[in-house]
């Protein structure tokens, strides 16, 4: 299952990319994440790993940074017990003060019935993805930038 969300953010490309690539910021804009826990490697660098711990439930994701080509692109692999997610974030400069974030998430479900995803689950995932990107937009735009 694939979900793509695009948002225009009133902030410079470099700053948007840096904020998004730093997993320590995740709890600041992902409303359902309680905390980030470093597992290994230099934070945000390729090969580094960290946990995203939810506020409720027990689906902890192990995230691995696959590529970090800032300010243009970030690729992550998220792994949980029943699902893995390939995440690609592209940061496109619209102007010196505006950036388009294109976030693509490809979900692979594991176990029985993984061939088909219930429409309700698919809609919930896409809604959560949209809400996360809107949360990131608000977070990024709340920070004052110097020229």
Answer yes or no: is there a residue in the range 71-86 that is in contact (Cβ under 8 Å) with a residue 40 or more places away in the chain, under 14 Å from the mean Cα position of the chain (by Cα) and surrounded by fewer than 14 Cβ atoms within 10 Å (Cβ to Cβ).
no
The range 56-70, residues that are farther than 18 Å from residue 105 by Cα and either crowded, with 16+ Cβ neighbours inside 10 Å or touching a helix residue (DSSP H, G or I) at 6+ places or on another chain (Cβ under 9 Å) (or both)
70
When only residues in the range 21-32 that are in contact with a strand residue (DSSP E or B) (Cβ under 6 Å, 6 or more places away or on another chain) and under 14 Å from residue 133 (Cβ atoms) count, which is surrounded by the most Cβ atoms within 10 Å (Cβ to Cβ)?
26
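Matching residues to (1) surrounded by fewer than 16 Cβ atoms within 10 Å (Cβ to Cβ); (2) farther than 13 Å from residue 14 by Cα; (3) at pLDDT below 95; (4) under 17 Å from the mean Cα position of the chain (by Cα):
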{"residue": "92", "(1), (2), (3), (4)": "no, no, no, yes"}
{"residue": "101", "(1), (2), (3), (4)": "no, no, no, yes"}
{"residue": "106", "(1), (2), (3), (4)": "yes, yes, no, yes"}
{"residue": "113", "(1), (2), (3), (4)": "yes, yes, yes, no"}
{"residue": "118", "(1), (2), (3), (4)": "yes, yes, yes, no"}
{"residue": "123", "(1), (2), (3), (4)": "yes, yes, yes, no"}
{"residue": "126", "(1), (2), (3), (4)": "no, yes, yes, yes"}
{"residue": "131", "(1), (2), (3), (4)": "yes, yes, no, yes"}
{"residue": "136", "(1), (2), (3), (4)": "no, yes, no, yes"}
Under 24 Å from residue 98 (Cα atoms), in contact with a helix residue (DSSP H, G or I) (Cβ under 6 Å, 6 or more places away or on another chain) and at pLDDT 95 or above, is that true of residue 11?
yes
Considering only the range 19-35, state which residues are in contact with a helix residue (DSSP H, G or I) (Cβ under 8 Å, 6 or more places away or on another chain) and either part of a loop (DSSP other than H, G, I, E, B) or over 21 Å from residue 141 (Cβ atoms) (or both).
30, 31, 32, 34, 35
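The values are calculated or read from the model by the stated rules, or taken from the named source; none is laboratory data. What you see is a predicted model; the values in this text were computed from it and never measured. Cβ sites come from the backbone with ideal geometry, for glycine too, and all protein chains shown count toward neighbours.
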